[in-house]
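K.L.:
Here you go, one structure.
The values are calculated or read from the model by the stated rules, or taken from the named source; none is laboratory data. This one's a predicted model, so the numbers in the text were calculated from it and none came from an experiment. Glycine also receives a Cβ, built like all others from the backbone with ideal geometry; neighbour counts cover every protein chain displayed.
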Amino acid sequence: MNFFLPVFLLALFVTGCSDGKHHLSGYIEGEYTYIASGVSGTLFNLFVQRGQVISKDTLLYKLDPEPEKASTEATQANIADLQAQTAFAKLQYERQHTLYAKQATPKASLDQAQTDFSSKSQQLAATQADYIQSHWALAQKTMSAPVSGQVFDVFFRVGEKVQANTPVLAILAPENIKVLFYVPEALLSQLTLNQEIHFSCDHCKRTAATISYISPEAEYTPPVIYSKDTRDKLVYLVRASIPADTAKHFHPGQPIDIDL
């Protein structure tokens, strides 16, 4: 999921320098990983806090395990019972089949034994499917981090009810910190995917980034920055990736200057 900053952070004025390069303004964008459970429940434990740097597989939170825990245990017990019943029904069917081949039992007894075995087998398969579903639901009550990064925000407090598929927190992974800027139509031909660009900001050194996305569609310069020079000009959204070990030093919304 993407997190978009207000348009007033954009600055699209392009300037030319004596070195022949063009300089644009942009900002750092964060694409957040939102962590949610597939089932509802009360938030029992929260193991991280806003701003904390975490590693992949770090335990994040737990929801109330009931009623999924009880359902899983009951279904597991039913499986054990049905496995025994199915095994017995199979033996009875095999016995009747042998007797019928020797003409020592009527066809009705064989048919009944086959029906019983088939019925128990179907019950066992259905219960095993229920167990898989209930086990998945129980596992959804405990969530761990799918990526390393920083906990950007936490949306619930312990004791609050969390609905299914509602994010409990958001993680910002370094690889999801990107450069975002807009390029006037006149400069678009100078850019290609995988092209290296450089950017800088206040109190930081010049940093390299690689263009990973160029919008195929043009849009008009946002009205908030209309001027005689920018009015009615078409611009194209461009995103550039930053190496993860470098990206962690930047923050979403941070203004930057891009050199082309």
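K.L.:
Based on what the data block shows, is Phe156 touching a strand residue (DSSP E or B) at 6+ places or on another chain (Cβ under 8 Å), buried (at least 16 other Cβ atoms within 10 Å of the Cβ) and more than 30 Å from Ser241 (Cβ to Cβ)?
P.N.:
It is true that Phe156 is touching a strand residue (DSSP E or B) at 6+ places or on another chain (Cβ under 8 Å), buried (at least 16 other Cβ atoms within 10 Å of the Cβ) and more than 30 Å from Ser241 (Cβ to Cβ).
K.L.:
Please determine, by comparing only the residues of the stretch 165-201 that are buried (at least 20 other Cβ atoms within 10 Å of the Cβ) and not hydrophobic (A, V, I, L, M, F, W, C), which one is modelled with the lowest pLDDT.
P.N.:
Tyr182
K.L.:
Anything in the stretch 33-56 that is among the hydroxyl-bearing types (Ser, Thr, Tyr), closer than 17 Å to Lys161 by Cα and part of a strand (DSSP E or B)? List them, or say none.
P.N.:
Thr42
K.L.:
Which residue, of Gln83, Gln112, Gln96, is part of a helix (DSSP H, G or I) and buried (at least 16 other Cβ atoms within 10 Å of the Cβ)?
P.N.:
Of the residues listed, the single one that is part of a helix (DSSP H, G or I) and buried (at least 16 other Cβ atoms within 10 Å of the Cβ) is Gln96.
K.L.:
Here are the criteria: (1) surrounded by fewer than 15 Cβ atoms within 10 Å (Cβ to Cβ); (2) modelled with pLDDT of 95 or more; (3) not hydrophobic (A, V, I, L, M, F, W, C). Tell me which single one Lys21 does not satisfy.
P.N.:
The one condition Lys21 does not meet is (2).
K.L.:
Tell me the residue from Ser241, Ser215 that is under 25 Å from Tyr32 (Cβ atoms), surrounded by 14 or more Cβ atoms within 10 Å (Cβ to Cβ) and at pLDDT 95 or above, please.
P.N.:
None of the other options fit; the residue is Ser241.
K.L.:
Looking only at the stretch 179-201, which residues are charged (D, E, K, R) and touching a residue at least 40 places away in the same chain (Cβ under 8 Å)?
P.N.:
Within the stretch 179-201, just Glu185 meets the criteria.
K.L.:
If you check every pair at least six apart or on different chains, which have Cβ atoms under 7 Å apart with a residue in the stretch 224-247 that is under 18 Å from Ser189 (Cβ atoms) first and a residue that is at pLDDT below 70 and outside any strand (DSSP E or B) second?
P.N.:
Lys233/Thr221; Val235/Leu12; Val235/Thr221
K.L.:
Would you mind finding the one in Ala139, Ala125, Ala101, Ala129 that is at pLDDT below 95, hydrophobic (A, V, I, L, M, F, W, C) and surrounded by fewer than 16 Cβ atoms within 10 Å (Cβ to Cβ)?
P.N.:
Ala101
K.L.:
Okay, moving on. Only one residue in Ala170, Ala164 is of a type in the set (A, V, I, L, M, F, W, C), touching a strand residue (DSSP E or B) at 6+ places or on another chain (Cβ under 9 Å) and not in a loop (DSSP other than H, G, I, E, B), so which one is that?
P.N.:
The unique qualifying residue is Ala170.
K.L.:
Working only within the stretch 173-191, note down all residues that are in contact with a Gly (Cβ under 7 Å, 6 or more places away or on another chain) and not in a loop (DSSP other than H, G, I, E, B).
P.N.:
Pro174, Asn176, Ile177, Val179, Leu180, Phe181, listed by residue number.
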